[in-house]
Amino acid sequence: MSSLPYRKDIDGLRAVAVLLVVLSHAKFSIFEGGFIGVDVFFVISGYLISSIIINEIDNNCFSFKNFYLRRIKRILPALLCMLLVVSVTSFFFLFPDNLKEFAEAQFASITSWSNYFFWKFFGGYWRGYVKEFPLTHTWSLSVEEQFYFIWPSVLYVAYRFIHARFHKIILFLLTILLLAVSQYLVRFPEFAFYMIPARAFELFLGGAIAISFRVPIVFPGKLSKIWPILATLVGLTLIIVPSVLYKENIPYPGINALWPCLGAALIVLPKAGNGNFATSLLTFGPMVWVGKLSYSLYLWHWPFFAFLAYTGCSIEENRWVAIALSFLLSILSYKFIEVPFRKSKTSFRVLFVRLFIIPAVVSFLFYIIILFGNGFPSRFSDSVQALLRTSGPDDKSLLVGQYGKNSPSNEHIVNEDTLWGDELSGGIKAILIGDSHATRLRPFIEVLCAQAGIKGIQVTRDSTPYLRNIIYYDRNSHKERVLRKDKTAMNEYWSQLITDPDLEYVFVAGFYYSRIYGDKINPEIMKYKDEVLSGDIIEVNEKNFARGLRDSVSFIVENGKIPVIFKDVPFLQGAPGLNVLKNAVFKTDLKTSVAVQTVKNNHKIEDDVIDSLKKDYPTMVVIDPKLLICPENAAGNCSSVVDGILLYGDTNHLNYVGARYLAKKWIEKYGNPLLSQDKDDIDCKSSE
């Protein structure tokens, strides 16, 4: 069996890719776009795997068993070692709910579906907590492993039965098609980032190079010397420039991922006369050495940065120590785990059992033990356990009661997860609508309704406020104005439900700040009816938020219902409630409150709109949680802890215990707005 010639420049390219990823995660701002290193890895993998397969097919020695044996020896030993070390560390560091999430993630990592796990349970790659999770980086391994499950069979059949004269044109057309699919999926940014349909063109591009260019490209005359230099320099430029220019939250992958992938393709492309100054940048000894370490370095670097972020330590201040430790563990992993296992002569059956079946079973048992142990809160001191109890346990039915990413459907509505007060006689008198903030306010509302004897139902949807006549465009690709029909459909569905003659109360809440401003650089667009969009997007959103909420309240009142409108809970930017726990456990001094004036500024637009609506619709009930969370003194701070109760689960969502506590405190201070004798008083108080 003939083997592929070793190419130092590909190891050098691996070094470029992994160093860009590490520098990005180490928060070197100049390389914020270093996440494109993963795309470079995908092109390299597609090229090498395809080259190996077609070389073995040509030599009549291809074997699926041998292919997967090599993949097992290449991927699993180092991965399992990293998972073992990180699992032990996580048991000592992670809070109970986070440990349960970790236990599921480590099983997903071993069984090659962690990309699905992170998409389904964590959402966007750029979200804060994802950056604190020690296994987030395994999503890319799962994408690659899923490619290994599919590609060998497809390539084997296609290479055997499709004539060589058609290879290049078919590969070109398929690459374009897969790129178009990726660009289309960018409008679903959370799915696109993690899932293989949006990444397939990157791996396929590498495979296309391997199949179409079996021998080095040779040009006549002087071009034969210039071509390898030009290809390498252009390739490196196409990789380095995006790593510097790209920022978090850009639409990705799609066309933005094409450029670094083309750069990688130009470099892996077989070229005659590679011995030139451009190639020497990649074949330089230290670069080749880092390239050989690249897999282990990728595995080990992320947990260091994740644990730094989780424990409240500054990544910027500790990054060089983290990088040094990452290299140290990578060297040990490469020398004592990767190399010995690659040289191992153990059979496929034995290695499959030892490196996959047994670890998967142990991993699943670990997950079950952590789940049934409820994350083992007893690991922490009594004082920390007391804080943990105030922050939960979270009522998971609140989340199940959301529509999530699904379209509205009647089958969802009435079930044990969406109803409250179901033990009461009579029909449903109240409905809760809005986004995830409405979801997290349900415990508050349940307390009010329990005292008033009112049965209610939750019909909420993540990231979707109730703003009638508003047409939404996705915030991550607003230049293309990708219409979000799902949000419009949900608003129409809510309006349909509100017309139910048996309803008396309609509870409405939303994270309006996020909808209006987003990240302020690339905000979501809210268009009103058939208006023509023009002017500053933030100003348009502020104006149309007011119009949409007014139309919603007007519609509720016209249908004979009482609107109960929540002013939003304080958005505690940079001060998540989790910081209270971190300060207690890790002895940090993280921020747990935000200045009153900052909160007032954040919520001024929405609060002014609600106050104006109250004057025009006197039957409307207004509840403002900020009156309980923020002191009357404008020089004070709005805190994530009130009376020793931890209120928040993150920067802007109340936890279950916190929401219920605020409801009881509201009743004590202002009365229950659902009881007629208190209504006039509460309206007056809440609109001050």
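The values are calculated or read from the model by the stated rules, or taken from the named source; none is laboratory data. Given the structure is predicted, the values throughout are model-derived calculations rather than measurements. Ideal geometry is used to build each Cβ from the backbone, glycine not excepted, and the neighbour counts take in all protein chains shown. Accessible surface is based on the protein model in full, side chains and every heavy atom, while ligands, DNA and RNA are left aside. Shrake-Rupley method; radii C 1.70, N 1.55, O 1.52, S 1.80 Å.
If you count Lys pairs in segment 572-682 whose Cα atoms are under 22 Å apart, skipping same-chain pairs closer than 8 places in sequence, the total is 23. Considering all C-alpha pairs of segment 194-352, those separated by over 22 Å amount to 62%. Length available on full extension from Leu497 to Glu632: 0.36 nm per residue minus the Cα-Cα distance, which gives 44.8 nm. Principal axis extents of the C-alpha atoms in segment 559-632 (largest first, rounded to whole Å): 53, 23, 19.
Placing unit charges on the Cβ atoms only, positive for Lys and Arg and negative for Asp and Glu, gives segment 102-260 a dipole magnitude near 660 debye about its Cα centre.
Probing with 1.4 Å while keeping every protein chain in the model, the per residue accessible area of the chain equals 42 Å². Eigenvalues of the alpha-carbon gyration tensor of segment 247-334, scaled by 5 and square-rooted, set the equivalent ellipsoid semi-axes at 30, 21, 11 angstrom, largest first.
For the chain, the share of accessible area belonging to carbon and sulfur comes to 62 percent (1.4 Å probe, ligands and nucleic acids excluded).
Taking R0 as 41 Å, what FRET efficiency do you get between Leu675 and Ala595 from their Cβ-Cβ distance, rounded to the nearest 0.05? Efficiency at R0 = 41 Å is approximately 0.70. Pairs of C-alpha atoms in segment 499-642 farther apart than 21 Å represent 54 percent of all such pairs.
For Cα extents along the principal axes in Å, the value calculated from this model appears in (1) 75, 65, 45; (2) 154, 53, 38; (3) 91, 59, 47 under label (3).
Pairs of Lys residues in segment 222-338 are counted when their Cα atoms are under 26 angstrom apart and they lie 8 or more places apart or on different chains; the count is 4. Adding -39500 (n - 2.57) for every DSSP H run of four residues or longer, then dividing by how many residues the chain holds, sets the calculated 222 nm ellipticity at -19500 deg cm²/dmol. Each peptide in 322-331, 381-390 was scored by the mean count of other Cβ atoms within 10 Å over its residues; highest first, the order is 322-331, 381-390. Hey, if you drop one equal point scatterer on each alpha-carbon of segment 176-288 and run the Debye formula without solvent, what base-10 log of I(q)/I(0) do you get at q = 0.20 Å⁻¹? Scattering profile of segment 176-288, log10 relative to I(0): -1.07.
Taking 22 Å as the straight-line reach from the Cα of Lys529, the lysines in range (excluding those fewer than 8 positions away in the same chain) are Lys479, Lys485, Lys487, Lys543.
Can you pull a Stokes-Einstein diffusion coefficient for segment 41-132 at 37 °C (0.692 mPa s), Rh from Kirkwood over Cα pairs, as a whole number of µm²/s?
208 µm²/s
Provide the three semi-axes, in whole Å and in decreasing order, of the ellipsoid equivalent to segment 1-85 as defined by the square roots of 5 times the Cα gyration tensor eigenvalues.
30, 17, 9
Quick one: compute the contact order of segment 580-679, relative version, from alpha carbon pairs under 8 angstrom and 6+ residues apart, as a percent. Don't skip to the answer; put the middle values down first.
Values: 76 pairs, mean separation 22.9, N = 100.
That works out to 23 percent.
Normalised by the number of residues in segment 557-602, the mean separation of alpha-carbon contacts (under 8 Å, six or more apart) gives a relative contact order of 35 percent. Across segment 553-561, coupling constants 3J(HN,Hα) worked out from phi with the 6.51/-1.76/1.60 Karplus curve, θ = phi - 60°, read 4, 4, 5, 5, 5, 4, 8, x, 9 Hz, and Gly and Pro carry x.
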